[in-house]
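The next block holds one structure in the form of C-alpha cells; read it before the comments.
The values are calculated or read from the model by the stated rules, or taken from the named source; none is laboratory data. Source: prediction; values computed, not measured. Virtual Cβ from ideal backbone geometry, glycine too; neighbours counted across all protein chains shown.
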Amino acid sequence: MPPYYLRKGDCFIVCRTPFVLASDAHIEAIDAAEIFAQPTTSLTVGAGDTVALLGGSVALENSGADGLLELLPPVIVINAELDRASSFAWLLDQLDNEWRSSQAGSYAVCNELLKIIFVHSLRQYMGTANLADIAWLGGLQDPVIAKVMSAIHASPTKSWRLIDMAKIACMSRSSFAALFKAKVGKAPIEYASWWRMQIAASRLKNGVDSVGQTAASLGYLSDAAFGVAFKRMHGKSPGQYRREANSRPSG
C-alpha cells in the first residue's frame, strides 16, 4: 500500500490493516503495544520536531460489522483544506478538550465524539467515492432501502425472502425489488447472500474458527452447502481462501 502524507488538521481512519506513523519512512518502527502499555493518556515518542496526534478507536459490535469493514478502503483520509472538513476540526477540538478535562462524564463524551467522527468520516467517503464501484453505499443513501439493508446486516444468518424485505420497506414485492436493484446494483436476495459471504470471508481471514464453525455461525446446516455457496461467490473454497489470505504479508 502506498504511503499517505498527512498535514496539519488532517483526519484519518484506519479500517482493517496494520500501519506505521512516522516522519520518515526509513525510521525504524516501534511496536505500538509497548508504547500504549504505559498507564497514561498522553505520551511523547522520539526527539524530532513536535507533532501532536490525537487518536482513538471505535468498536463495531453488530454481527455484520466485519463485513462492512471489508467493503471500506483500508484508510480514509479527510484533508483539512476540504470545505466539508470544518466539522472535523470542531469535533477534534471538542475531543481534545474533553480528554484533557477531569470533569464528570468526560470519558463517556469522548466515546460519543469518536463515534460521531467515524460516522462523519463515512459520510465524507460516500461523498467522494465512486458509488458505481461500491453500489451498496447508494442503497444506504435511500431511506427505504437503507432500512432493509440495516435489517439484513443485523441478521445475516436469516433465510431472507423477498416478501420479508418488502414488508420492511412497506412496498409491494415487485416495486421493492425494482427499487433495490436500481439503488444497490443487486437483487435483494442476491445482496443478502452476497453480504453473508462477505462476512464469511472476513471471518475466515481474520478469525480463529474452523471452516465448519464459520459455516455454522452463518446458519449453514452443512460444511458442503457452505463450501458451494462460498466458492460460487469467491471463486475458491473456504479452506483455499483462508490459506491464501494468511500467506499474504500484512503490509
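A few points about this structure:
- When SER87 is tested against (1) in contact with a helix residue (DSSP H, G or I) (Cβ under 7 Å, 6 or more places away or on another chain); (2) at pLDDT 75 or above; (3) closer than 30 Å to LEU204 by Cβ; (4) of a type in the set (Gly, Ala, Ser), only condition (3) is not met.
- Some residue of segment 192-201 being out of contact with any Asp or Glu (no Cβ under 6 Å at 6 or more places or on another chain) and free of Cβ contacts under 8 Å to residues at least 24 places away in the same chain: no
- Whichever residue in segment 180-195 is within 27 Å of GLY227 (Cα to Cα) and surrounded by fewer than 20 Cβ atoms within 10 Å (Cβ to Cβ) and, among such residues, is modelled with the lowest pLDDT: GLY185
- Condition check for THR214: β-branched (Val, Ile, Thr), assigned to a loop (DSSP other than H, G, I, E, B) and touching a Leu at 6+ places or on another chain (Cβ under 7 Å): no
- Test: residue in segment 142-157 that is at pLDDT 85 or above and either of a type in the set (Lys, Arg) or within 24 Å of ASN79 (Cβ to Cβ) (or both): yes
- Sub-6 Å Cβ pairs linking a first residue in segment 87-101 that is assigned to a helix (DSSP H, G or I) to a second residue that is loosely packed, with under 14 Cβ neighbours inside 10 Å, at least 6 apart or interchain, are ASP96/LEU54, ordered by first then second residue.
- Residue check, SER23 in the same structural domain as ILE116 (by TED's automatic domain parsing), assigned to a helix (DSSP H, G or I) and either modelled with pLDDT of 80 or more or exposed (fewer than 15 other Cβ atoms within 10 Å of the Cβ) (or both): no
- Across segment 201-220, the number of residues qualifying as within 22 Å of the chain's Cα centre (by Cα), closer than 16 Å to THR157 by Cα and not aliphatic (A, V, I, L, M) comes to 4.
- Filtered by the rule that a residue be under 23 Å from SER159 (Cβ atoms) and within 23 Å of the chain's Cα centre (by Cα), segment 221-243 gives PHE230, MET233, HIS234, PRO238.
- Among (1) more than 30 Å from THR214 (Cα to Cα); (2) at pLDDT 95 or above, the one test that ALA177 misses: (1)
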